[in-house]
Amino acid sequence: MAANVHSALEQLKMNGVRMTPQRHAILGYLMDTKSHPTADEIYKALSPTYPSMSVATIYNNLRLFVEAGLVRELTYGDDSSRFDADLSDHYHAICKNCGQIVDFGYPPLLEVEKVASKETGFVVHGHRMEIYGLCTTCNT
Ligand code: ZN
Ligand code: MN
């Protein structure tokens, strides 16, 4: 589950990562949004308040958050990664028209990991699944 910004930043500090206002802003933005933004979208949202922040800064900080386990990177085969600070077990429904990503949960699917492990002998680390379709805005 997603911790709050302060405890997340505490965790970074313990890893020797210096806390900066920009870092705080990026992490806070990610924890407040459900939109699964790209680095570019975060840039557009934060640049009015932080004019000196570049897309590269945002991208580097996102890398840092992902490595620290605070943020999940989502790759769907297109060129830009999306970022999710909600670390709970959940899946994504992706609109093929507008690109909107909506969270949903389906705990019974964890069973598939047990089945896979049993049938293959693998030590299973996880699985991914996406649902594709049209969102409620685009299907009307
Ligand atoms: Zn849509
Ligand atoms: Mn999500």
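Restricting attention to region 20-46, the residues that are farther than 15 Å from Arg63 by Cα, away from ligand 1 (no atom under 16 Å from the Cβ) and surrounded by fewer than 18 Cβ atoms within 10 Å (Cβ to Cβ) total 8.
The single condition among (1) at pLDDT 90 or above; (2) surrounded by 19 or more Cβ atoms within 10 Å (Cβ to Cβ); (3) more than 16 Å from ligand 1 (Cβ to nearest atom) that Val5 does not meet is (1).
For region 106-122, does any single residue satisfy the condition of being surrounded by 13 or more Cβ atoms within 10 Å (Cβ to Cβ) and within 15 Å of ligand 2 (Cβ to nearest atom)?
Of all residues in region 106-122, those surrounded by 13 or more Cβ atoms within 10 Å (Cβ to Cβ) come to 113, 116.
This time we only want the ones that are within 15 Å of ligand 2 (Cβ to nearest atom), so: none.
No, region 106-122 contains no residue that is surrounded by 13 or more Cβ atoms within 10 Å (Cβ to Cβ) and within 15 Å of ligand 2 (Cβ to nearest atom).
The helices (runs of 4 or more DSSP H) falling completely within region 32-140 that include 3 or more residues that are assigned by TED's automatic domain parsing to the domain that holds Ala8 map to 39-46, 55-67. When Thr75 is tested against (1) within 16 Å of ligand 2 (Cβ to nearest atom); (2) farther than 25 Å from Arg23 by Cα; (3) among the β-branched types (Val, Ile, Thr), exactly one condition is not met: (2). Scan region 9-22 and tell me whether some residue there is of a type in the set (Gly, Ala, Ser) and more than 12 Å from the chain's Cα centre (by Cα). Yes.
Just give me the residues in region 70-101 being within 16 Å of ligand 1 (Cβ to nearest atom) and open to solvent by less than 70 Å² (accessible area, probe 1.4 Å), in sequence order.
From region 70-101, those within 16 Å of ligand 1 (Cβ to nearest atom) are 76, 78, 82, 92-101; that's our starting set.
The answer is Tyr76, Arg82, His92, Ala93, Ile94, Cys95, Gly99, Ile101.
The values are calculated or read from the model by the stated rules, or taken from the named source; none is laboratory data. The model shown is predicted, which means the values in this text are computed figures rather than measured ones. A quick note on method: Cβ atoms are made from the backbone with ideal geometry, for glycine too, and the neighbour counts reach across all protein chains shown. Surface areas here come from the heavy atoms of the whole protein model, side chains and all, with no ligands, DNA or RNA. Shrake-Rupley method; radii C 1.70, N 1.55, O 1.52, S 1.80 Å.
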